[in-house]
Every structure is written in C-alpha cells, then in structure tokens.
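Before any comments, here is the structure.
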Amino acid sequence: MELKRSCREVTRLVLESEDRELTATERLALQMHWGICATCRKFRDQAQLMRDAMARWRRYRDDDSGPAA
Amino acid sequence: MSEFARQVETLRPQLLRYARTQLRNDAWAEDAVSEVLLVALEKPQAFAGQSQLKTWLIGILKHKVVDQLRRHSRECTILSDDDETDVDELLFKADGHWREAPQEWGSPEQSLNQRQFFEVLELCMEHLPATQGRVFMMREWLELSTDEICKELAITATNLWVLLHRARLRLRDCLQQGWFSGRPVT
C-alpha cells in the first residue's frame, strides 16, 4: 500500500485514532509523514492535548475532581 | 421533604445542564432528569453512600439519556446545514495541504490546570452543530463505542465517522479561537 499521505489524510487518521485502532501500515504512514512535516506534528500535538483535556473533563464533570477555581 | 430528597433536588439544575448538552432538546432532557430523580426518590436505599451523590445520579442519568437517544433516534440524526458543512474544505486546499497551519498550543499543563479552560471547552462542545454534538458526547461523555453509537442511533459507520471527524475539527477550531488566541467564546 502507498505510504505517502497528504496532510488532509494524515489529519483524518489522527482523528480516527481516537475512535478506532489504526492498522500498522497507517501508523507507519503517520510516522513517515511526521518525520518530514512540522505542520502535521503540530496538529498531532493539538489532538493529544484535546485527548488529555477530554479525559480530565470527564473526571471533572462526573465527580468534581477538576482544577480548583 | 427529607434531607436526602433536598440534596437530590439541589443537583437537578446541574443534571439538566448535562442532559441538555447531550440531548440538545429541552423536553427530552427534562424527561431524562425526572426519571433519574424518580429512581433516586423511590429507591434511596440503592444509594449506598460509597460514592458522592452526584456521581451516583450521573451514573443513572447516563442510562436515561441513552434511552432518550434511542427513543428519538430519528430526530437525533437529522442533519442541519451546519452538520453538513464540509469542514475539511475550509481547512485544506484541493491538493491536501493545509490552508492555514495549526499553531503551537504550548504545554498541556498550561491549559489543563485552569478551570477556565474547561469552561471554554464546555462552551465549545455546546456550540457544535446538534447532531455532531450528540455523537461526540456519546463518545466522550457516555463513552460508548462507535458500534454502540451506530446501533443506538441507527446510523451507518460511515455517517458516524464523518460526524465525529467534523466535530473534532470544529472543537479544535473553537479552542483555537476561544482559548489559544485569547478571544472569548460567547
């Protein structure tokens, strides 16, 4: 399978990884793209921050263990 | 009214807000919350006190909210123009490159240690188009699998992927506008 992916396709894969397990080939394609694309590395970091934020928000919302006001 | 009933009633506004964010319909939200309060008042002994009252009620609310989603699945999946907007077109050029590069968001701790950040996050979730908001919350708050969401709402996996994809891109954009570039979300 072709490993070269556009920024648009890489973005889709990064977001899909929130909801499903990516295949090895997809993960490899991501790694290769990130190796050469600083812009998509930034998007990856944003997605990671959002994932952390949602996890913390769930706890904060359901049992009040969020950051103090 | 018993002390227990009073405590339960105090939590009603908060439960309503949670139910509304998930259901995007005031009447359904009210029904779901009323069902929760009925369970609590009819079977107070089920609350063993091992968790906070709020946590217990939210656990019940999540089930009641899924019942509502299932009951109204057809209306829940009607797409508005906003739901239909192809967010990818706005972000990417025809050749698949970014129109505008994502910005540096800094270290997570800078944001995640601030209560205000979570207020912006909640506002951004409330601002998602209704159907996108519902499926996003089903995934992130109700923590249902994508298979379960498809089943409850009777939608195809392809439709769900598109909705979740757009919801996450919109949320990112809203956080960029409302938090990371310091403009308030209203």
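Since every read-out is calculated from the coordinates, none of them should be taken as a lab result. Values in this document were obtained by computation on a predicted structure and should not be read as measured data. Note: ideal-geometry Cβ built from the backbone for every residue, glycine included; neighbour counts use all protein chains shown.
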Seminar exercise, completed: Here the alpha-carbon Rg of the protein assembly as shown over 2.2 N^0.38 Å rounds to 1.09
Seminar exercise, completed: With B:E119 itself left out, Lys, Arg at +1 and Asp, Glu at -1 over residues whose Cβ is under 14 Å from its Cβ give +2
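Per residue of chain A, what 222 nm ellipticity follows from adding -39500 (n - 2.57) for every DSSP H run with n ≥ 4, rounded to the nearest 500?
Result for chain A: -23500 deg cm²/dmol, rounded to the nearest 500.
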Exercise. For segment B:1-101, what is the largest minus smallest coordinate of the Cα atoms on each principal axis, given in angstrom and ordered from greatest to least?
Worked result: 64, 30, 18
Problem set entry | Distance between modelled label sites at B:T158 and A:D63, nm, 7 Å Cα→Cβ extension | 4.2
Exercise. When the Debye formula is applied to the Cα atoms of chain B, each taken as the same point scatterer, what base-10 log of I(q)/I(0) results at q = 0.08, 0.09, 0.15 Å⁻¹?
Worked result: -0.32, -0.40, -0.98
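In nm, what is the difference between 0.36 nm times the number of residues separating B:A101 and B:R115 and their Cα-Cα distance?
Gain on extension, B:A101 to B:R115, equals 2.3 nm.
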Exercise. Relative contact order for chain A using alpha-carbon pairs under 8 Å, separation at least 6, rounded to a whole percent?
Worked result: 30
Exercise. Can you give the relative contact order of segment B:1-66 as a percent, counting alpha carbon pairs under 8 Å and 6+ residues apart?
Worked result: 38
Exercise. Between B:I78 and B:E9, what FRET efficiency comes out of the Förster formula 1/(1 + (r/R0)^6) with R0 = 41 Å and r the beta carbon distance, rounded to 0.05?
Worked result: 0.75
Problem set entry | Range of Cα positions in segment B:84-186 per principal axis (Å), largest first | 39, 38, 24
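Contact order normalised by length for chain B, with contacts defined as Cα pairs under 8 Å and 6 or more residues apart; what percent is it? Before the final figure, lay out each step's value.
On the way: 154 pairs, mean separation 42.0, N = 186.
Relative CO of chain B lands at 23 percent.
Compute the longest continuous run of chain B that contains no exposed GluC sites (Glu not before Pro); treat a site as exposed when its DSSP state is not H, G, I, E or B and it has at most 12 other Cβ atoms within 10 Å.
Here the longest run is B:1-99.
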Exercise. Cα to Cα, under 18 Å, and not fewer than 8 places away if on the same chain: which lysines meet these conditions relative to B:K43?
Worked result: B:K54, B:K62, B:K64
